[in-house]
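*Asks:* Supplied in structure tokens, the structure appears directly below.
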Amino acid sequence: MLRFNENNEILREDEYRAIIAGLAWKGDITRSMDELEGLCEADGIEVVGRIEQSLEKPNTATLLGKGKVEELALLTEAMEVDTVVFNEELSGIQIRNLEEILGVRVIDRTILILDIFADRASSREGKLQVELAQLQYRIPRLTGFGKALSRLGGGIGTRGPGEKKLETDRRHIERRIDDIKAELAKLSETRSTQKKSRAKAGLPVVALMGYTNSGKSAIMNRLIGMFMGDAEGEDGSKTVKSQDMLFATLDTAHRKISLGTGMDFILIDTVGFVSGLPHNLVEAFKSTLEEVRDADLLIHVVDSSNKGENTVEDRDFQIEVTNRVIGQLGAGSAKTVMAYNKMDIADDRPIDASGHEAVYISAKTGEGMEELAQLIRNAIFGNMVRASLLIPYDRGDIVSYLCDNAQIESMDYREDGTLLSGSFKAEDFGRYESYKWNSTEQ
């Protein structure tokens, strides 16, 4: 990670050293603190210390109590750290007060996540979505936070808008937010056009959803390798980025997969989730994630690998967080398959209590992937009827409808009508079965 001075000039390239701090006032925070450490590692921050405190309510001035902040100041100096990362979202006043007491940079979980997203977003839309969330985070912190803002010259929490004019006033930020929203609206229209094009081709959509680092991208790459060795996405690439890291993938990826003749579908890999995901970030990415709302099938990917004593609790917690976001997107009633991934390193076989069909897989070794493919076949092609329909020329409305709602493999214009061959939804075939054509007919 790059280090900067007040003029935004690079000083040296190395890791930040940090202490993570958390306040337990709503219950146990062990899991959340462990996750915060993982987020730090994902952002290139070396965590060298950890401090927690239990209080009935947060201290409005410094979050932690006075004595604990003094203890933190001594620890910060003794361990020679340059950053303290708080698990709770801080106000501008709290950040200012803590920086003055501790003498080091102070950031919170929200800034950290936004920084990771700013670093990983690669598409124009992704970058705009992150910048929008960053600016929305800053607006309520301008009062009492101006001096601290001027010190954010680069590094953690300052990618994107932080590298621009730092003394931006509220009016300028709000104007920039309006500009971003307008541009995102245009990009959303483009995505909507692409979506309609896929729908017109009669291609069902399967969306991978799940907690960050559960293995969604690895599953997509395994399916591409199994069925579509030369599959390319809308960006021209074949496989998607897959890495054992929180938020390795941010931008939604689309790939056309073929499970056999007439069984083509679009597979979508979406951004992963995490507890405490900033509200502004969820809102900013909602337009992208809403593609899953109309998906024909959701594959809820779960990390089954062992995480120590709290394996089951962690797994259930991650499922709950993902289900909550799926519900917020309006996709809670969608047909779903639970895919318990990373079975090659799991110490147990998770007990599925979701009520959905479940499969136990390893995207790394290929274990269970054929079973997953079969579940996809059954879910989205189980009611498809392969047939040929001869539609009279005076029923062009039927031809138009079927071209938009069926998987048409061939179209032949004969003397007595249009011959459509392909796979049709069971209800559509039943409606137009009288037009069924047999190869023996002349």
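*Asks:* Of the residues that sit in region 278-298 and are under 21 Å from R120 (Cβ atoms) and buried (at least 21 other Cβ atoms within 10 Å of the Cβ), which one is modelled with the lowest pLDDT?
*Replies:* Out of the qualifying residues, it is T288.
*Asks:* Okay, moving on. Output the residues belonging to region 51-67 that are acidic (D, E) and part of a loop (DSSP other than H, G, I, E, B).
*Replies:* Correct list: E56 only.
*Asks:* A further question follows. Look at E71 and say whether it is within 26 Å of F317 (Cα to Cα) and either free of Cβ contacts under 8 Å to residues at least 24 places away in the same chain or crowded, with 22+ Cβ neighbours inside 10 Å (or both).
*Replies:* It is false that E71 is within 26 Å of F317 (Cα to Cα) and either free of Cβ contacts under 8 Å to residues at least 24 places away in the same chain or crowded, with 22+ Cβ neighbours inside 10 Å (or both).
*Asks:* Looking only at region 68-95, count how many residues are under 11 Å from I19 (Cβ atoms), touching a Leu at 6+ places or on another chain (Cβ under 8 Å) and part of a helix (DSSP H, G or I).
*Replies:* Summing the residues that are under 11 Å from I19 (Cβ atoms), touching a Leu at 6+ places or on another chain (Cβ under 8 Å) and part of a helix (DSSP H, G or I) in region 68-95 gives 3.
*Asks:* Does any residue in region 25-53 that is closer than 25 Å to V312 by Cβ and surrounded by fewer than 19 Cβ atoms within 10 Å (Cβ to Cβ) come within less than 9 Å, Cβ to Cβ, of a residue that is of a type in the set (F, W, Y) and modelled with pLDDT under 90 six or more places away or on a different chain, and which pairs are these?
*Replies:* Cβ pairs passing all conditions: R31/F317.
*Asks:* Looking for whichever is over 30 Å from P350 (Cβ atoms) and either touching a residue at least 24 places away in the same chain (Cβ under 8 Å) or of a type in the set (A, V, I, L, M, F, W, C) (or both) here; the options are R377, R414, R431. Which one fits?
*Replies:* R414
*Asks:* Filter region 383-401 for residues that are closer than 17 Å to G430 by Cβ and not hydrophobic (A, V, I, L, M, F, W, C) and give the result.
*Replies:* Of everything in region 383-401, those that are closer than 17 Å to G430 by Cβ and not hydrophobic (A, V, I, L, M, F, W, C) turn out to be N383, R386, S388, R395, Y401.
*Asks:* Another one. Please specify each residue of region 92-112 satisfying the condition of being out of contact with any strand residue (DSSP E or B) (no Cβ under 9 Å at 6 or more places or on another chain) and within 14 Å of V47 (Cα to Cα).
*Replies:* Residues satisfying the conditions do not exist here.
*Asks:* Considering each residue of region 3-41, count those that are at pLDDT below 85 and assigned to a helix (DSSP H, G or I), and give that number.
*Replies:* Residues that pass the stated criteria total 0.
*Asks:* Sticking with this structure for a sec: Filter region 96-114 down to the residues that are not in a helix (DSSP H, G or I) and not charged (D, E, K, R) and list them by number.
*Replies:* The answer is G103, V104, V106, I107.
*Asks:* On the basis of being surrounded by 14 or more Cβ atoms within 10 Å (Cβ to Cβ), of a type in the set (D, E, K, R) and modelled with pLDDT of 90 or more, does E88 make the cut?
*Replies:* Here the answer is yes, as E88 does meet what is asked.
*Asks:* While we're looking at this one, here's another question. Where the second residue is in a loop (DSSP other than H, G, I, E, B) and open to solvent by 50 Å² or more (accessible area, probe 1.4 Å) and the first is at pLDDT 80 or above and lies in region 324-335, which pairs have Cβ atoms under 9 Å and are six or more apart or on separate chains?
*Replies:* If the second residue must be in a loop (DSSP other than H, G, I, E, B) and open to solvent by 50 Å² or more (accessible area, probe 1.4 Å), the pairs left are I326/G332; A334/D296; K335/D296; K335/H356.
*Asks:* On to the next question. Can you tell which of G162, G153 is at pLDDT below 80, under 27 Å from A42 (Cα atoms), of a type outside the set (D, E, K, R) and surrounded by fewer than 21 Cβ atoms within 10 Å (Cβ to Cβ)?
*Replies:* From the options G162, G153, the qualifying one is G153.
*Asks:* Starting from residues that are under 30 Å from Q194 (Cα atoms) and not polar (S, T, N, Q), keep the ones in region 412-422 and report whichever is most open to solvent (accessible area, probe 1.4 Å).
*Replies:* Residue satisfying both the conditions and the ranking: Y413.
*Asks:* Name every residue in region 234-277 that is modelled with pLDDT of 80 or more and not in a loop (DSSP other than H, G, I, E, B), in order of residue number.
*Replies:* Answer for region 234-277, where residues must be modelled with pLDDT of 80 or more and not in a loop (DSSP other than H, G, I, E, B): H254, R255, K256, I257, S258, D264, F265, I266, L267, I268, D269.
*Asks:* From (1) at pLDDT 85 or above; (2) of a type outside the set (A, V, I, L, M); (3) open to solvent by 10 Å² or more (accessible area, probe 1.4 Å), pick out the condition that doesn't hold for S123.
*Replies:* (1)
*Asks:* If I ask for residues that are within 28 Å of F273 (Cα to Cα) and surrounded by fewer than 15 Cβ atoms within 10 Å (Cβ to Cβ), which ones from region 56-68 would you list?
*Replies:* The one that is within 28 Å of F273 (Cα to Cα) and surrounded by fewer than 15 Cβ atoms within 10 Å (Cβ to Cβ): K57.
*Asks:* Can you find, within region 363-411, the residue that is nearest to N341 (Cα to Cα) among those that are open to solvent by less than 30 Å² (accessible area, probe 1.4 Å), at pLDDT 90 or above and assigned to a loop (DSSP other than H, G, I, E, B)?
*Replies:* A363
*Asks:* Condition first: in contact with a helix residue (DSSP H, G or I) (Cβ under 8 Å, 6 or more places away or on another chain) and either open to solvent by 60 Å² or more (accessible area, probe 1.4 Å) or part of a strand (DSSP E or B) (or both). Now tell me which residues in region 423-435 satisfy that.
*Replies:* Correct list: S423, F424, K425.
The values are calculated or read from the model by the stated rules, or taken from the named source; none is laboratory data. What you are looking at is a predicted structure, and each value in this text was computed from that prediction instead of being measured. Ideal geometry is used to build each Cβ from the backbone, glycine not excepted, and the neighbour counts take in all protein chains shown. Areas reflect the complete protein model, heavy atoms only, side chains present, ligands, DNA and RNA absent. Shrake-Rupley method; radii C 1.70, N 1.55, O 1.52, S 1.80 Å.
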